[in-house]
Amino acid sequence: MSLSINGSSSSGLNAMSQSQRALQLAMARLASGQRITSGADDPAGLIIAKQLEAMLSGMDQASANTDTAVSLLQTADGGLEQTQGILAQQRTLALQAANSATMDDQQLAAINTQYQALNQALDLVASSTTFAKKPLLDGSFTKQSMQIGASAGDTVSVDIASTVTGSSAGYSSHGLGLSGLDISNTSDALARLDAASSAVGQQRGTLGALQANALESNARSLAIGRENLASAISTIADADIAQEAAALTSNQIKLQSGIAMQAQAHQHAGRVMQLLGM
């Protein structure tokens, strides 16, 4: 006489094993919030998700770089705004000195002293306007490259320099062509002051256009791209909480039912053994 293996019991054990694995997977996904908890879950999806995450990290840094670049330009513009204000004061003094018929030599000397003090103020602004310890208005900030994208070559170039004297220089009194200026020569003083003010205004306009047309536009583009990329990563890698919760409940029921059925199968086998007198 031979005894066959209990086929229903074996099938039940296999079903319980599958339910147990599915239950563990659902619990892992719910705990981590990730659909892909290991490379075995979705090898291709894992590779794509990691590549997209690297791109997302690059976009985050590019966005931070763009914000920093905007801050730098705003700092330079603030210094240039002060420079324009000083030049306006100097022009007022030149016009005042032009009315020499109503003033004596002492008054004219006082005006010239005030004018020369403003030249020193120009030099101070040019030397003290810095960003991250880098001078911005002394003529050294030229051909500077700023990385504002997530790929090589996504850069903008910045030049902050005066060309009033015919060569690249800073926005000091010397760089603006105002050093050694004789305020008593009204026509020469006004011409040079107007040229200096025009150069400062043009530089501010250039920086403003760079900020508005390149940097701020790029920041908006990066924000939109980041949102879309994050959504794509979520679609690939994030767990569907409702779906995983349903899978957890379903597999818990299957596992509990399997355990109950196995218990009944064992009881049935025991009764058979008793009938056989074993």
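Each value in this text was obtained by applying a stated rule to the coordinates, not by laboratory testing. None of these values were measured; they are calculated from a predicted model.
Using only alpha carbon pairs under 8 Å that are at least six residues apart, calculate the relative contact order of the range 35-166 and give it in whole percent.
Working: 104 pairs, mean separation 33.2, N = 132.
It rounds to 25 percent for the range 35-166.
Computed from phi, the 3J(HN,Hα) profile of the range 85-97 under the Karplus parametrisation 6.51, -1.76, 1.60 (θ = phi - 60°) reads x, 5, 4, 5, 5, 5, 5, 4, 5, 5, 5, 5, 5 Hz, with x in place of Gly and Pro.
Across all Cα atoms of the range 115-163, the radius of gyration (one decimal) and Dmax (whole number) stand at 14.5, 50 Å.
With an 8 Å Cα cut-off and a minimum separation of 6 or more residues, compute the relative contact order for the range 151-220 in percent.
Values: 43 pairs, mean separation 16.6, N = 70.
Relative contact order here is 24 percent.
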